[in-house]
There are 2 protein chains.
Amino acid sequence: MTTRRDCSALDRSDVLAQARDRFVLPPGIVYLDGNSLGALPVSVPERVRDVVERQWGTDLIRSWNTNGWWDLPRRVGDRIAPLVGAAPSEVIVCDSISVNLFKLLTAALRLRPDRRVILTEAGDFPTDGYVAASVASLHGAEVRAVGHDDLSDAIDGSVAVVAASHVSYRTGAMHDLAAVTARARGAGALVLWDLAHSAGVVPVDLGAAGADLAVGCGYKYLNGGPGAPAFLFVAGSLHEAFDQPLTGWHGHARPFAMEPAYEPAPGVSRAATGTPPVLSMAALDAALDAFDGIPLEAVRAKSVALTDLFARLVDERVPGCAVVSPRDARRRGSQVCLSHPEAYAIVQALIARGVIGDFREPSILRFGFAPLYVRFVDVWDAVDHLVAVLEGDEWRRPEHRTRAAVT
Amino acid sequence: MTTRRDCSALDRSDVLAQARDRFVLPPGIVYLDGNSLGALPVSVPERVRDVVERQWGTDLIRSWNTNGWWDLPRRVGDRIAPLVGAAPSEVIVCDSISVNLFKLLTAALRLRPDRRVILTEAGDFPTDGYVAASVASLHGAEVRAVGHDDLSDAIDGSVAVVAASHVSYRTGAMHDLAAVTARARGAGALVLWDLAHSAGVVPVDLGAAGADLAVGCGYKYLNGGPGAPAFLFVAGSLHEAFDQPLTGWHGHARPFAMEPAYEPAPGVSRAATGTPPVLSMAALDAALDAFDGIPLEAVRAKSVALTDLFARLVDERVPGCAVVSPRDARRRGSQVCLSHPEAYAIVQALIARGVIGDFREPSILRFGFAPLYVRFVDVWDAVDHLVAVLEGDEWRRPEHRTRAAVT
């Protein structure tokens with residue numbers, strides 16, 4: 001049996017242990033929800049203060065030039081690029097994942113005008129399916145949704161674009177990005193990866209895989225803050241032909257010429273639309289400092305160790321909860337999901353004890369492990385509290401069973 | 001001839017004089033670019049600090065419930081509603097104007113499936129035209145662009161939606177919102193107003209006019225900070241039928257049910273798409289405190305007085321510059337534009353002297369007057385510096401003639 005002392009020993013030999021100092025973490029909290037909202041990096045508050053008080057307050061409109069606001073979407077994109085195996089010129093930060101999916105799915109259908117199928121995964125994050133359905137209906141196309149394990153085999157010559165999450169938000173199941181991409185390319189289909197649950201925690205190599213398009217989240221493992229802008233990736237080979245429908249002035253070749261006709265900017269900049277939320281984007285920029293000098297391979301190694309440990313401790317100590325994430329770490333992102341009929345109330349009871357995970361319908365307890373700030377003792381303590389909540393029937397308390405607006 | 005002493009007297013009798021204390025303004029600066037980026041309200045820095053350090057840093061994911069992040073788009077919309085004559089439930093804050101135009105123009109075409117014309121104004125802000133062209137091409141519709149003065153007469157039975165700026169970004173010319181709306185309704189067309197250059201500075205009464213749709217800017221006269229999220233308005237009468245294409249999960253009737261099929265939320269909430277940038281939206285929320293207790297009629301009266309004064313002083317003292325904004329204040333927003341062949345260099349020379357306006361192609365000097373913080377002596381000083389720049393040939397200096405990325 002694993003002990004807390006064993007976990008402490010793992011922390012002492014953890015090469016990423018010092019990275020925790022790059023985050024502000026409230027005392028007494030075990031935070032296993034960095035897959036929903038990453039913790040606050042210490043570099044952020046001062047940067048945001050500077051943007052508000054000096055750049056906005058004092059420099060005012062001049063900051064678009066003098067403080068680099070204009071280039072921020074590309075500059076932050078350049079910093080995200082190495083985390084996902086992209087060239088710097090292939091990533092831009094803008095809008096939300098939902099909005100960016102609309103752009104990229106439409107662009108994909110335009111790049112494959114002879115094909116009418118958007119292939120998606122059933123049970124993927126809802127917004128991905130909603131936007132796919134909307135884009136399909138606008139183009140007389142069709143959404144074909146298949147199970148996680150059937151995705152690769154479902155790619156055929158009718159598929160214009162395969163649009164799927166690299167890591168499932170609900171189960172943590174991870175696709176073999178290179179294999180699915182290769183299969184799509186072999187069939188002449190494009191592939192659009194949603195990296196919301198992998199960017200920053202799983203080494204992603206879009207370039208080596210030959211992926212065409214991707215979107216990703218700024219506020220989960222990149223720690224950019226609540227509602228941080230999303231990023232999108234367009235492979236360099238598509239930059240000339242890429243044609244997206246949200247043709248705002250920030251995507252124009254010469255935005256300040258104020259020309260009446262839209263001419264897309266060269267490269268990934270044409271994926272930009274309106275004026276970006278500078279405060280939120282500056283926070284994301286500062287947050288990326290937390291990755292300075294950190295090899296993603298070390299992040300992944302610790303992520304696997306943390307998730308393996310959590311699953312093992314649940315097996316050992318929590319017979320009432322079933323691990324529903326893949327057991328094989330090669331097929332799993334950085335989260336472990338458990339199943340229990342009273343999942344909602346159990347999650348609330350854990351939060352009351354300071355162990356923050358989240359609930360997903362219908363019966364999932366979801367725990368994300370951000371290796372930059374989650375310790376091995378946190379894993380132990382989380383399971384310890386879970387045992388206590390179940391043994392003491394704490395979850396039966398009425399206050400834990402009342403649904404909040406955001407679950 | 002008007003004197004600086006006359007202007008000081010106007011400031012002493014200004015009922016809005018105290019409102020200037022609600023803003024942080026750098027010493028020595030005359031800021032006439034609040035129509036591009038509003039000045040920093042004093043209420044913002046502390047609010048943003050709280051959102052970053054306490055809400056994000058300490059309360060973490062729980063803030064979606066406990067600190068009201070989830071309702072922020074609607075709550076801030078409720079605060080903007082009275083500034084534009086809307087009911088609280090008719091306004092939501094989300095995305096950028098460009099993205100929101102795409103939503104509303106598409107929705108408009110769906111509401112008028114038998115009509116195929118988007119009627120716009122030639123010379124309107126470029127993004128409005130670019131997005132209209134994109135939406136038209138997706139729907140087999142057509143954009144018809146006419147001159148400012150021809151807009152109303154061009155509305156006929158083929159027009160699905162009239163999409164125009166209430167106040168022109170380039171000239172400050174203002175439409176009679178009620179008259180154009182009435183004309184559109186009479187012809188069975190919808191109307192979509194872009195309030196970027198009027199919300200917060202001109203009393204707008206969307207409700208009384210019977211307007212259908214509108215978008216507006218958070219970072220100009222609402223002072224929400226660089227790239228603050230935009231707002232959109234959908235008249236209550238359209239809430240049932242309104243169908244927009246950016247079907248993200250935040251617009252779903254039950255977002256956390258994570259259902260596979262999209263079911264739009266009731267009311268204006270269905271116009272939401274992805275996760276909003278909370279830091280930027282919280283700044284906008286705090287910025288709106290600057291309007292507390294301020295009647296928009298007083299704002300408008302001062303705006304007219306400021307712009308009339310500026311135009312008169314230019315006439316009196318700057319023979320080389322022509323006023324290109326309407327002389328009749330009833331047809332003008334809160335800006336005065338001048339024309340000069342060397343407009344770019346003159347604007348740069350003024351900025352070097354601490355008078356901040358901006359340049360618009362091809363030969364426009366643009367000055368915006370935000371009555372909450374611009375004084376009558378600022379108007380005098382701005383014209384005084386303009387005289388000096390022109391008489392001393394300062395604008396001929398090479399450093400003033402080099403184009404920056406953002407003009």
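Only the coordinates and a few stated rules stand behind these numbers; no lab work does. A quick note: this is a predicted structure, and the numbers were derived from the prediction, not measured. Backbone-built Cβ (ideal geometry, glycine too); neighbour counts: all protein chains shown.
With a ≥ b ≥ c taken as the square roots of the eigenvalues of the C-alpha gyration tensor of the stretch B:199-254, please select rounded if a/c is under 1.5 and otherwise prolate if a/b is larger than b/c or oblate if it is not? Oblate is the answer for the stretch B:199-254, as a/c is 1.5 or above yet b/c matches or exceeds a/b. Modelled this way, with points 7 Å down the Cα-to-C-beta line, the labels at B:Arg401 and A:Ala388 are 7.5 nm from one another. When the Cα gyration tensor is reduced to axis lengths a ≥ b ≥ c, the ratio a/c is 1.5 or higher for the stretch A:1-138, and with a/b not above b/c it is classed as oblate. Dividing the radius of gyration of the alpha carbons in the stretch B:130-244 by their Kirkwood radius gives 0.95 for Rg/Rh.
Extending 7 Å from the Cα toward the beta-carbon at both A:Ala265 and B:Asp114 defines two label points whose distance is 4.3 nm. When chain A is treated as a Gaussian network with alpha carbon springs shorter than 10 Å, the biggest mean-square fluctuation among A:Gly293, A:Gly57, A:Gly129 belongs to A:Gly293. Stretching the chain fully between B:Ala178 and B:Asp315 yields a gain of 46.2 nm (0.36 nm per residue, less the alpha carbon separation). Translational diffusion of the stretch B:57-192 was estimated from the Stokes-Einstein equation, with Rh taken as the Kirkwood radius over Cα pairs; at 10 °C and 1.306 mPa s the coefficient is 97 µm²/s. Put a plus charge on the Cβ of each Lys and Arg, a minus charge on the Cβ of each Asp and Glu, and nothing anywhere else: the dipole of chain A about its Cα centre is then about 160 debye. DSSP assigns beta bridges within chain B; of those with both partners inside it, close to 55 percent run antiparallel.
For the stretch A:33-104 versus the stretch A:122-164, the inter-centroid distance based on Cα atoms is 30 Å. Taking a straight Cα-Cα cut-off under 16 Å and skipping sequence neighbours fewer than 8 places away in the same chain, the lysines within cross-link reach of B:Lys103 are A:Lys103. Ranked from shortest, the separations from the 7 Å Cα-to-Cβ label point of A:Ala404 to its equivalents in the other copies are 4.3 nm.
Build a GNM of chain A with springs between Cα atoms under 10 Å apart, and of A:Pro45, A:Pro260, A:Pro113 the one that fluctuates most is A:Pro260.
Shown for A:Glu361: label points 7 Å from Cα along the beta-carbon vector, and their distances to the equivalent points in the other copies, 4.8 nm in ascending order. All C-alpha pair distances within chain B, sorted into 10 Å bins from zero, spread as 5, 22, 30, 25, 14, 4, 0, 0 percent across the bins. P(r) tail for the protein assembly as shown: Cα pairs beyond 49 Å make up 19% of the total. Legend: P(r) of the stretch A:305-368 from all alpha carbon pair distances, 5 Å bins from 0, whole percents, reading 4, 19, 29, 28, 16, 4, 0. A simple spin-label model places the labels of B:Asp328 and B:Asp50 4.7 nm from each other, with each point 7 Å out along Cα-to-Cβ.
For the protein assembly as shown, the dipole from Cβ point charges (+1 on Lys and Arg, -1 on Asp and Glu) about the Cα centre works out to 240 debye, to the nearest 20.
Rounded to the nearest 500 deg cm²/dmol, what is the calculated helix-only ellipticity per residue at 222 nm for chain A, with -39500 (n - 2.57) per DSSP H run of length n ≥ 4? Write down the numbers at each step before the final one.
On the way: 12 runs with 130 residues, N = 407.
Rounded to the nearest 500, it is -9500 deg cm²/dmol.
The stretch A:298-316 and the stretch A:190-213 have Cα centres spaced 23 Å apart.
When +1 charges are put on Lys and Arg Cβ atoms and -1 charges on Asp and Glu Cβ atoms, the dipole computed for the stretch B:70-291 relative to its Cα centre reaches about 260 debye. With viscosity set to 1.002 mPa s and temperature to 20 °C, compute the Stokes-Einstein D of the stretch B:269-391, Rh being the Kirkwood radius across alpha carbon pairs; µm²/s, no decimals. Using the Kirkwood radius from Cα pairs, D works out to 132 µm²/s.
Using the Cα gyration tensor of the stretch A:70-291, with a ≥ b ≥ c the square roots of its eigenvalues, what is the shape: rounded (a/c below 1.5), prolate (a/b larger than b/c) or oblate (neither)? Cα axes put the stretch A:70-291 in the oblate bin. Taking 28 Å as the straight-line reach from the Cα of B:Lys302, the lysines in range (excluding those fewer than 8 positions away in the same chain) are B:Lys220.
Provide, in order from the shortest bin, the percent of all Cα-Cα pairs of the stretch A:328-401 in each 5 Å bin, continuing until the bin that contains the maximum pair distance. Values per bin, smallest distances first: 3, 16, 26, 27, 16, 9, 3, 1.
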